[in-house]
Each structure stands twice: as C-alpha cells, then as structure tokens.
Amino acid sequence: MFAPVPSKPDLVAEEHALLAFWRDRRIFARLREQVAGGTRWSFLDGPITANNPMGVHHAWGRTYKDVFQRYHAMLGHDQRWQNGFDCQGLWVEVNVERDLGFTSKRDIEDYGIAEFVSLCKQRVLTYAARQTEQSIRLGYWMDWDDPEELRRLRDLLAAEPDASVTVEGPRGPVTDTVEMIVGRLGMPEVGGSYYTFSNENNDLIWAFLAECHRRGWLYKGHDTMPWCARCGTGISQHEMTEGYQDREDPGLTIRFPLIDRPGEALLVWTTTPWTLTSNVVAAVGAELAYVKVRQGDRVYWLGKGTLRQALQGPFEVLDELPGSALEGWRYRGPFDDLHAVRAAFATSGRAGGAFEHHIVLWDEVGEEEGTGIVHVAPGCGAEDFALGKQLGLPMIAPLDENGIFIEGFDALTGRDVRDTTDQILERLRHHGFFYRLEPYRHRYPHCWRCGTPLVFRLVDEWYISMGPVYDRPRSELTADEVDASLRYQIMEVVDGIRWIPSFGYERELDWLLNMHDWMISKKRYWGLALPIYDCRACGTVEVVGGREELRERAVEGWEVLEGHTPHRPYVDAVKIACPGCGAPVERVRDVGNPWLDAGIVPFSTMHYRTDPAYWETWFPADFITESFPGQFRNWFYSLLAMSTVLRREAPFRTIFGYATLFGEDGRPMHKSWGNAIEFDEAAERMGVDVMRWTYANARPEDNILFGWHAADEARRELLVLWNVYAFFVTYARVAGWTPDRPAPALDDRTGLDRWILSRLAGLADRVGDRLADYDLDAGAREISRFIDDLSTWYLRLSRKRFSRSSDAADRDAAFATLHTSLVGLARVLAPILPFLSESLYRNLVVAVDAAAPESIHLTSWPAPELSSFRDPGLEDAMAVFSRAVELIRSLRSQAGIKLRQPLARAWITLTDAGVGYSDDMLGRLADEINVKEIVVIASDSDLVERRVKPLLPRIGRRLGAAIPAVMAAARDGTAEIHADGSVTLAGVTLAPDEVEILSSPRPGTAVAHDEGLVVVLDTTVTPELRAEGEARDLQRAIQDLRREMGLAVDERIDLAVEEGPAVERISPFLAGIGAETLADAVAVGPVPADAAFGEVAVESGTLRFGIRRRDGAAS
RNA sequence: GGGGGAGUAGCUCAGCUGGUGAGAGCAGGCGUCUUAUACACGCCCGGUCGGUGGUUCGAGUCCACCCUCCCCUACCA
C-alpha cells in the first residue's frame, strides 16, 4: 500500500531524508557498478576554485553537469564522475593574505614562503571540503571525497606535514607523508576529486612547457606590463579585460620650457602625473598643425586642433607650423635634477654624450584629447616603451614591484606611487611647470583580483608565443604557415568542436586571432613552479620537463625538494647544470598562470602519462560546460592551447556555455545590495529541486535573474505535479488499488487513458532527444506541458473515475493509467529533479513492489518501454478537443452563463486533425463543458453567419493600393461569397486561397473559432435546465459545508432540505445530490437541531438545508 | 576608439523573409471550478513598440540620423 502523502509537501525535509537514504544504501556507488563497462560518455569537469563556499551561480552550472551525467547514466553509459578543484594562484593567496592582515609581498617573505604556501593548501582543503558538502546537498552526484577526511588532512598538514598517514583508496589503503598524500589527491590510487595542485598536474604542465620550449615558443619578454602594485605581479592580456572600470584621474596639463626658444613652452597633457618623473621625450604628429599662442606674458606651443579643449582662458595665435618642423626642439623636464634621470641620460645622447629631452615624431599622436603633444615615458607605458625601443631612447623605470619609487627620486623615493600625486603637483607648481588640472573620467584597467588601479612597469616576464598573424584568410594559408603559428593550429582544432550556443565558435576564433603572446609568469608564491632555468652566466634558457628529469639533472639542492610537493620554496633550492656553460643554474622565481593548471586536466586527470590505454579511452571528453563570459580567454583557451601543443587535437567534442547569474533586480549579487542569496540559504529555504528546476528552465545563453520570486514560480509548477501525485495516492488508498491488480488491456481503456499514455511516451522520446542534444530548457518545457496536460486535462476529466466510479474495470484502468503516467514522468524527471522524482518513485513503485530497483536512479531511461503507447492521431484529436473546451468556456464566460449551469447542446466542427477521436472522449467533453449533447458536424454553414478575412500576405503584392478599400469592405461585411469559395470585395474578386471565411453567431447561440475549428453553443436556458443548475448549486453548497465541518472524503451524512418553492423545482435531482454528497438519507422537511445549517440563493428563492454526520454508519 | 547586441505592458521577455485589431509569463483587478481544499483555470486591466525623419498601399519589423543601456575588443598620452 502507498504511504499517505501530505497535500503540502515539505520539500526540504524530504531532500534531507533522501540524501540519507542514498548515502546509507550506497545508491550512487551501485549506479556506478551498474553502468561500469557500458558505452563510455566522457565528461570533463571544469574545476571550481576551492577558495570560498560555492554560490548559487555555481549551482546553475552544476545542475547542467549533474543532469547530463545522470541522463547518460540512465542510458547505461559508463562515466568518470570526477569533480575538479582549482587550487593554485592569486585567488587563494589574496585571501590568505587578508586573513593574516598582510598588505605586501614583504609581509609574506617575512612570514615565510613555506608557511604561507602551506596555509594556501590548507585553505584549499577547507573550501574543497565545504564545496563538496554543498554539492552533495545539491544532489550533484560525483566521486566525492569525504569532507571530514579533507579536513583531517588539512589539520595534519598544518601540524605535521611529514608525518606518515594512510588513506583509503579505491584499490586499497595508500600510505605516504601528509604532504604527499595531499599532492596525490585525485590520482587513481587515492580517488575522489582532482586538485590542480596535485603533483601529477604540476608535472604534466612542466612537460607541456618543455615541449613549448623545444619548439622555440617559450621566451622571456622585456616589456612594460600592466602591473598590480598591491599583488606585486604583472597582469596578462587574458586578465586585463576583467578589470576595466571607470575611474577619475587627474587630467594634468603642464609646460615643458623650450631651451632654444626662451619664453616659449610646450603644453603636454597626462593622466598619470607620476610618469612625468620618467619623461624622456615629447612626441608630435608629423602631419598635424601646431600653433604658437600667447596667454598673458606666456607663450605656448600646442596642437591646433586642441586649442579649445586644452587652453584655459583667452589666447592669441601667433604662429603655425607642421609637426615635422618641431622635430628635435629641446626642452627642460620637471624632474631633470633627479639622480635617476641624470644617470639614465648621462651616456644615452648622440655620440655618447648626455641625452637631452627633445621632440620626436610619432604617428600615434592625435588631437582628440590633450594638447597634441604627448609626454613619452618608455619605462611607464607599453606604447611608450615600443617607441623608446624603436628610437633607442633611455628608459627610466621608477617603481619597484610594490609600486614604491626606487632610489634616485629624491623625496619620492620610498613613497607609494598611489599617493604621490599631490607631492608631484606641488613640485610642478613650485617650479613653474604647472598649467592646468581638471578631473578626467575614463576607463582604466584595474587588478581583477583586488581592484587596485594598475600601473605600467618595465619587467621581464615569460611568454608562450602564439605565432604570427597572417594578413590573409585562413583558407589561403599554406600548411607550413599553419605549422609555424600556434594560433592557427588552435583555430583548426576549434573547427572540429561543437559550440553551444553557436556564437561561441566565432568568439573563440576572434579571440585567437587577436590575442597576444600568452604571459604565463607571475611573480608570486603559491602556484605552479615554472621549470625554467635561465642561466645568468651565458643566457641559455632551459626548461625541465618533469620531476623525474629534475631529479636526474639536479646538481644541488635536490635533498631540499625531496619529500615535498613541487612548490615554492623547496623547488627553488634545486639547481641544474646549464647546458650552455655548465654553471649551476637556479629556477626563475616565478610561478605560473593558473589557467595552465586548469588547461592540463584533459591529460593529468585522464592518466595521460601513467596509463595511456585509459587516456585513449576517455580522451577527448564528449562534453564540457562552463559559464562562457571570460572563459573564452581562460579555461577554454588554455585547454585548447595545451591540447594543441601536446596532441594537435581537440580535448573535447562539445562545449556548452551558459551566461551569468544576477540577482532578481537584474544587478550582480552583492551582499550590501541585499540581493545576494547564499547557496546554503537557498537550499534550506526553497529546496534544491526548486533551484534546479529554475535553472533547468533558464535559457542558457541569457543571463538568469535568480531570486525568491523566481523560485516561487518554479515551486508552483512542481506543486501541480505534487497535487496529482497526492490525489492519486489518496484515492488509491481509499480504493485499495495497487499496481499488482491486473490492468485492463490498452485497447480496453478509454481514449483519454490512451491519450495520456501516448503523451507520456512522446514526452520520454522528446526529452531524451533534447537531453542528448544538451538542450535542457527545451526538455524542461516539454515536461511542463506534460504536467499541465496531466493535471488540468487528464485528471480534471477523470476525477470521478477514481472517487465515485461504479464501474470497477474503468476505475482500475484509470488508476493503472495514472500510475503509469506518474512513474514514467518521475523517471523522465529523474536527471533534473533527483529528489522529487525519487520521492514519487519510492512511494509509487518501491513501496508496492519489492522486486523493483530501490532507487529511481537505478532505473533506465523509460522511452523504449513506453514507445508502444504512441498514438499520434489520438493526440491530434485531443488537441482539437481541448481547444474546443477552451473556446466553449470562453463563450460561457462572455455570455455570463457559469459552468455549473447545464446547457442543451454544443456543436463542433472537426478538422482533419480531430478525426481520431473516440466516442468516450465526446462524453467526457460534454461533462467538462456541462452540456447534454455534443453534435459533431461537418460544416457550420447552418449555424453561423459568414465573415471574410482577406489573407494579406497572399494578396498584398497583387493588389497594392487597392488594399485599404478591400479591407474596409471585409470589415463592413459587404462581401459576396461565391459557390466556389471565391469572394468579391469592393469590386475585387479574391480566390478561395486568398481569404479565410470566419463565422459569427446567430441569435441564441455563441460561436468561436480558431484555426478552422468552430464551436457553437446553444445558450438557451430552459426552465428544466435552470432547475438542474440550481440543483448543482445546492450540491456545491453541501460540499462546501462538508468541508467546513472537516468531514473526511469518505464520511457519510444525513441530509435535510427545508420545504419551499425552490425545492419543488429541484426535487427530481435530490436523489442524485444525495449520491454525490454521500448522503444516506435525504429528507425534505425541517432541519434537525443538531445538524449543521447552510443555505444558497437561487433564482426562485433560497434553499436551506442541514447535514449531520451519520453516527455509527461509517463503522 | 573599433565591433556587436539591445531598447516592445509595472517587471522579465516573444514577435519568422514588412501585412494592417501588438503577444506570453509574472505582478494587479475580477471571476470560475473543485471532497486534487486553496491547488488550478478563465477573463480583464495595462503599451504613441527609445526619439526624429524616410522608403512603402502598409513599418515593432527595412533605411538614415540621434538618445540610452549592455557585451566583446583596444597600447592611446
């Protein structure tokens, strides 16, 4: 027997109960055993950064991952089920620094790199454990580590990293030091999620970098880079776009006095005053016009086109020269007395003499902003640097890695660049260089991690060359040209991948075409140790391809690294012999870009090096999915780049991208804005199935607005399903029905039964197709439509068959049909709503069938076993019928005749689509619209008057200007309809296929039409019909009273109706009312004193009645 | 700065190669149905389709210009 079901479910409590059930009964483990050896479907997880609790936006992506994996499991596909954690990089460092109250890299070095790195690892383990718990709560099935075990390892790592520890792996216990066990997490012998800080991950990146070096693509660049002074690291092009923000800077105009033209000065504009300390030359455009102007007793030179924007106050133009005429003019800079400037200029001048500031020509100079004369500081800007290199200018690099002025800058030395503006302005004013200061708003790059405005610094960084960009379409490139350019090789790989949504393909190609060389170095502590050995003695660069190779080549320091993961500081101690000169070389101190860590996972997690057969089996992944904003240049890019270098083939076949999650108000979720929802809060308040349903219905290419209201909408939809389920269970229990009762054969069931089963079979087919095509929202829409059909059509029309049927066979057919529908629906829902579907299944199947699999997640996709139910003709017919009912209801509403009032008849015409109906459907239909009779007719000609609707798309081109008159005639009804179906309007004859004939009602009827379907309703209410309607009113009132009294659905009553004129009219119906309201005795007379009293107003008076519980009758 | 997208009901969005009363969901109002008991269904309210001009018999849809927002991209001082 089914367990009773509450009418309002506690979804959250149910979810917790099922989590316990799955855990206790090892359902997931058994699913894996069940599909082991099946056809392989390879999903590769994009690692989540284990640095904070997961958010509801992660739950969106994880819903996709879980749905598609579960769907494939239901198809019997073997899978890897490996979650990934992204572990290394600045994300983690920034948080650990914050926890420790650090503000600079010096703090870290004072604290100790080893200790700092250990804290980073501990933080990763903390949040890996946390996110694991949250993912499990979401119902996300993966090969999860035990969160307690992760926390234990974390604590051991803090206390005793070199102590021996044993963990339980899939192939038995594994013993190693704590540090090394942590480094082996996710490896085959330890199992569980993969961690990008693992030894194997780092090792394979070394192999990748060595391969890049072997091909000559790895190089050290000396360039002016965007730099975050807080983090003390360069920012690569990949990271730049994340951090553009509007910012207000000083828009400063200053004077550069001309040495050879006394009393005259150049006007120069800058938004970064600190770079003036490093000014070397001033640039003008050769083609631009420059003017000499007088303001008071001052004379300035500036671009003619900038006069209006640059000058303050009245001026007089004295002279005009082309920019080319200014070349070579010497000027004095504002910081020429600084030691650093003097030193840089001392020997850089022509013929080895001292360098002097002068004007150079530069075609980059424009007049849109500033003064048309550009201050150039090659040590402080990328484009300045390029110009400086081209002209052989001296370079002044004023900042250290923390953004502090280095020695040689007098009072500025030791000061932070971020707060020297006032000091510099003061100095400019004092020495007469100042002209004008105005705030200037512009988009300026900021550090994407900490939000600090970036500065530009001259530094050495390591790059992977992306190869040349050719000035021709890809189709015209030769094989040699492609071989020489990594970017084009990646593009070829991209061609072989399916991108969902499709614009992803274009966007990735666009990024590849425009991207610069990949800067892979970071001057930080926690991350991949770049295995680059840059010999100071002879300049030879060597890259070590793995830990083993390093051990073999080490000439000193190996013992320091021995027993440690390949992280700083231990790895820094190892030196190798320079292959060029033999000198011992140490590793460059840089760590790697974290996207290297995530990009190698198609190799590291698929045992590329250790188990080639396994790798062959699972590579490439069939499917990956991540949020696409940003990932085109991050994970997607690094996956493609690394796989292209190592294999020149795609690491995945299909990529599915989804957009961004915002708060309900359309803004990014932000705690201080009050629109943020924590994952845990969402899970415990709305339930994860509601969350999953919200995500399942979202269009992935659109941003999702997530909040409590959206969740309520999703919940309402699920409650409809729950209501159907609760209805079924309630009446199955009353009737004692269980599935082991033999069900009538399909052919012996009603059209309605066969219809819903056909719909179910179609549902399973279509949802399966959609899920196989990674089109979850379309699948969810199919399910919504089915739930609606099941509830508002099938069940609505079938209710009496469950509760008050005298035909046992028909009742059994109804129960069997609804049971099949609910179980089938649950199985289709299982990948999407693992909890709700399990809840239904456990009660509808497991509770009554000991032989059934004990979890819905151990059942297979139901489409094959349902396919015999398909009957498309029946579905078409039902679509017509349901549309007819809608139209009739609408007619009643317009006519002011409520549904409870019976009417004599309705007529409907049936189109071709409707001919598959069965007779019992007509009967249900008559009940549903409360008419005595439905007459199916071939033509509506006798019932209606005609109106003509010209089909504009057909006639528009032909008639042109005659259209307005034709349309007016159609509206007036002055149309001549000919026997052949053609129509004459306003003197123009239209062919039958150029018009649609509509129908309008005759008196006493109402008519509605839709797509060729016509329904006509006889709206005449005869006295007999009126009386019957009043009887229904009475019945309704009695049922209401029963409810007020709190009677059980099967409790019996005595009914008394007071005498009166109204009663006379309804007396023929009293017996029927008694049956419907479970009244054993129906009396016309005074209402007993102990009865509950009710009344209802009808046309002929008021009906008064009383009911009372029939004592003892129930027992 | 370049490229792309979008501005349609209070909110979130549909509106196909131009066709003449502009749609859905939610919110609001009204009603209906029901021993699925407050679930569901129906109806109504509500829009000068960002602005201006143009092409056309006809423009939310095509063209031009302008305004606002978003995304991508960029070495501009």
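The values are calculated or read from the model by the stated rules, or taken from the named source; none is laboratory data. Computed from a prediction, not measured in an experiment: that's the story for all the values here. Cβ atoms come from the backbone with ideal geometry, glycine included; neighbour counts cover every protein chain shown. Remember, those area values only see protein heavy atoms, side chains included, never the ligands or the DNA or RNA. Shrake-Rupley method; radii C 1.70, N 1.55, O 1.52, S 1.80 Å.
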Consider region A:195-226. How many of its residues are buried (at least 22 other Cβ atoms within 10 Å of the Cβ), touching a strand residue (DSSP E or B) at 6+ places or on another chain (Cβ under 7 Å) and of a type in the set (Ser, Thr, Tyr)?
3
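From the set of residues in region A:343-353 that are touching a residue at least 12 places away in the same chain (Cβ under 8 Å) and not hydroxyl-bearing (Ser, Thr, Tyr), which is surrounded by the fewest Cβ atoms within 10 Å (Cβ to Cβ)?
Among residues in region A:343-353 that are touching a residue at least 12 places away in the same chain (Cβ under 8 Å) and not hydroxyl-bearing (Ser, Thr, Tyr), the one surrounded by the fewest Cβ atoms within 10 Å (Cβ to Cβ) is A:ALA343.
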With the requirement that a residue be assigned to a loop (DSSP other than H, G, I, E, B) and modelled with pLDDT of 85 or more, what does region A:423-469 give you?
A:HIS431, A:GLY432, A:PHE433, A:LEU454, A:SER465, A:MET466, A:GLY467, A:PRO468, A:VAL469
Looking only at region A:802-820, and only at residues there that are within 12 Å of RNA strand B (Cβ to nearest atom) and open to solvent by less than 10 Å² (accessible area, probe 1.4 Å), the one that is farthest from A:HIS72 (Cα to Cα):
A:PHE802
Does A:ALA282 meet the test of being in a strand (DSSP E or B) and more than 13 Å from RNA strand B (Cβ to nearest atom)?
no
Regarding A:LEU840, is this residue within 11 Å of RNA strand B (Cβ to nearest atom) and surrounded by 18 or more Cβ atoms within 10 Å (Cβ to Cβ)?
no
Looking at A:GLY221 and the list (1) within 16 Å of RNA strand B (Cβ to nearest atom); (2) in contact with a Leu (Cβ under 7 Å, 6 or more places away or on another chain), which single condition is not satisfied?
(2)
Return the residue satisfying two criteria in turn: it lies in region A:290-306 and is over 30 Å from A:ARG342 (Cβ atoms) and within 14 Å of RNA strand B (Cβ to nearest atom), and of such residues it is most open to solvent (accessible area, probe 1.4 Å).
A:LYS304
Among residues of region A:871-900 being outside any helix (DSSP H, G or I) and surrounded by fewer than 18 Cβ atoms within 10 Å (Cβ to Cβ), the residue farthest from RNA strand B (Cβ to nearest atom) is A:GLY896
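Each row is one residue, and each column tells you yes or no for (1) within 17 Å of A:SER839 (Cβ to Cβ); (2) near RNA strand B (Cβ under 9 Å from one of its atoms).
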position: A:GLU684; (1), (2): no, no
position: A:ASP689; (1), (2): yes, no
position: A:ARG692; (1), (2): yes, no
position: A:PRO700; (1), (2): no, no
position: A:ALA714; (1), (2): yes, no
position: A:LEU719; (1), (2): yes, yes
Return the residue satisfying two criteria in turn: it lies in region A:259-279 and is open to solvent by less than 10 Å² (accessible area, probe 1.4 Å) and touching a Phe, Trp or Tyr at 6+ places or on another chain (Cβ under 6 Å), and of such residues it is nearest to RNA strand B (Cβ to nearest atom).
A:VAL268
Would you confirm, using the coordinates I've provided, whether A:ALA761 is away from RNA strand B (no atom under 16 Å from the Cβ), surrounded by fewer than 24 Cβ atoms within 10 Å (Cβ to Cβ) and part of a helix (DSSP H, G or I)?
yes
Check A:ASP1054, A:ASP1080, A:ASP1090 and return the single one that is over 57 Å from the mean Cα position of the chain (by Cα), acidic (Asp, Glu) and more than 16 Å from RNA strand B (Cβ to nearest atom).
A:ASP1090
With respect to the numbered conditions (1) farther than 27 Å from A:VAL117 by Cα; (2) crowded, with 21+ Cβ neighbours inside 10 Å, which one is the sole condition not fulfilled by A:THR565?
(1)
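Only one of A:GLY388, A:GLY403, A:GLY408, A:GLY381 is closer than 28 Å to A:THR233 by Cα, touching a Pro at 6+ places or on another chain (Cβ under 8 Å) and either more than 16 Å from RNA strand B (Cβ to nearest atom) or open to solvent by less than 20 Å² (accessible area, probe 1.4 Å) (or both); which?
Testing whether each residue is closer than 28 Å to A:THR233 by Cα, touching a Pro at 6+ places or on another chain (Cβ under 8 Å) and either more than 16 Å from RNA strand B (Cβ to nearest atom) or open to solvent by less than 20 Å² (accessible area, probe 1.4 Å) (or both) leaves just A:GLY388.
Let me confirm something: among A:LEU318, A:LEU338, which residue is farther than 27 Å from A:TYR440 by Cβ, modelled with pLDDT of 90 or more and more than 12 Å from RNA strand B (Cβ to nearest atom)?
One residue alone meets the criteria, A:LEU318.
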Taking only region A:1057-1077 into account, find how many residues are over 60 Å from the mean Cα position of the chain (by Cα), within 16 Å of RNA strand B (Cβ to nearest atom) and either among the small types (Gly, Ala, Ser) or not assigned by TED's automatic domain parsing to the domain that holds A:GLY1029 (or both).
1
Could you grab me the full set of residues in region A:420-469 that are within 13 Å of A:GLY234 (Cβ to Cβ), open to solvent by less than 40 Å² (accessible area, probe 1.4 Å), within 15 Å of RNA strand B (Cβ to nearest atom) and in contact with a Cys (Cβ under 9 Å, 6 or more places away or on another chain)?
A:LEU454, A:VAL455, A:ARG457, A:LEU458
Pairs only if they're at least six apart or on different chains, beta carbon under 7 angstrom, first in region A:720-733 and closer than 17 Å to A:LYS800 by Cβ and in contact (Cβ under 8 Å) with a residue 12 or more places away in the chain, second near RNA strand B (Cβ under 9 Å from one of its atoms) and among the aromatic types (Phe, Trp, Tyr); list them, first residue then second.
A:TYR731/A:PHE802
Log entry, pairs with first residue in region A:783-809 being of a type in the set (S, T, N, Q), second being open to solvent by less than 10 Å² (accessible area, probe 1.4 Å), beta carbons closer than 6 Å, six or more apart or on different chains, reads A:SER791/A:VAL724; A:SER798/A:ALA814
Scan of region A:473-513 for residues that are within 26 Å of A:ARG770 (Cβ to Cβ) and of a type in the set (S, T, N, Q), ordered by number:
A:SER502
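Here are some residues: A:ALA128, A:ALA158. Which one is surrounded by fewer than 21 Cβ atoms within 10 Å (Cβ to Cβ) and either closer than 25 Å to A:LEU550 by Cβ or of a type in the set (A, V, I, L, M) (or both)?
Residue meeting the stated conditions: A:ALA158.
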